[in-house]
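This report concerns only the one structure given below.
The values are calculated or read from the model by the stated rules, or taken from the named source; none is laboratory data. Bear in mind the structure is a predicted one, so any value in this text is a computation, not a measurement. Cβ: placed from backbone, ideal geometry, glycine included. Neighbour counts: every protein chain shown. Just the protein is used for accessible areas: all its heavy atoms, side chains included, with ligands, DNA and RNA removed. Shrake-Rupley method; radii C 1.70, N 1.55, O 1.52, S 1.80 Å.
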Amino acid sequence: MRTIKFRGKSIFDEGWLYGDLVHSSDMMRCAILVNDKTCYDECEVIPSTIGQLTNCTTADGAEIYEGDKLVDDYLPGYYFVVYYDTEADAFRLYKRWPDGQILHYQEPLRISLIRYPNLRHAGTIHDDKLAANYLEKLNS
């Protein structure tokens with residue numbers, strides 16, 4: 001069975017929470033159900049930071065979430081961002097070149113991970129305003 005898991009930054013301490021996504025009835029608040037806690041007071045997250053687990057891992061076995069930044073030591077200056085392509089219904093990568101250009105990969109994330117087997121985590125778009133702004137435009 002496929003694991004469906006989300007993460008989001010807590011509104012209280014900006015630490016990451018991992019678990020099931022929960023919406024309030026007014027859709028203005030989101031929470032991550034952590035260890036069966038349903039209390040919004042403890043589990044409320046910043047909606048813009050929510051990312052879904054892709055069910056893919058890096059070469060070292062770390063889970064990859066939507067919004068992760070990935071780097072390859074063999075490609076210095078470049079980084080990749082995991083995003084969800086709603087038109088293709090697939091997780092994909094885009095690459096930001098050192099000069100700011102962006103390249104979208106048309107292949108699914110799993111194929112990109114074969115193409116670039118040495119990708120490792122380098123934070124998230126929530127640590128990088130340029131990447132976050134680009135994804136916001138992409139999703140609007």
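Quick notes on this structure:
- Pairs meeting the criteria (first residue in the range 54-79 and more than 26 Å from residue 100 (Cα to Cα), second residue open to solvent by less than 50 Å² (accessible area, probe 1.4 Å) and assigned to a strand (DSSP E or B), beta carbons under 7 Å, at least 6 apart or on different chains) are 56/64; 57/64; 63/53.
- Those residues of the range 45-68 which are at negative phi and open to solvent by less than 30 Å² (accessible area, probe 1.4 Å), in sequence order: 45, 49, 51, 53, 54, 56, 58, 64, 65, 68
- Scan of the range 1-39 for residues that are of a type in the set (D, E, K, R), in contact with a helix residue (DSSP H, G or I) (Cβ under 9 Å, 6 or more places away or on another chain) and either open to solvent by 40 Å² or more (accessible area, probe 1.4 Å) or at pLDDT below 75 (or both), ordered by number: 14, 29, 37
- Counting only strands (runs of 3 or more DSSP E) that fall entirely inside the range 46-115 and contain at least 2 residues that are among the hydroxyl-bearing types (Ser, Thr, Tyr) and either in contact with a helix residue (DSSP H, G or I) (Cβ under 7 Å, 6 or more places away or on another chain) or under 19 Å from residue 7 (Cα atoms) (or both), the qualifying elements are 51-57, 79-85.
- Considering only residues in the range 69-90 that are of a type in the set (A, V, I, L, M, F, W, C) and open to solvent by 30 Å² or more (accessible area, probe 1.4 Å), the one that is modelled with the lowest pLDDT turns out to be 75.
- Residue within the range 117-127 that is free of Cβ contacts under 8 Å to residues at least 40 places away in the same chain, surrounded by fewer than 17 Cβ atoms within 10 Å (Cβ to Cβ) and of a type outside the set (Ser, Thr, Tyr) present: no
- Just one residue in the set 113, 135 is surrounded by 15 or more Cβ atoms within 10 Å (Cβ to Cβ), at pLDDT 90 or above and not small (Gly, Ala, Ser); that residue is 113.
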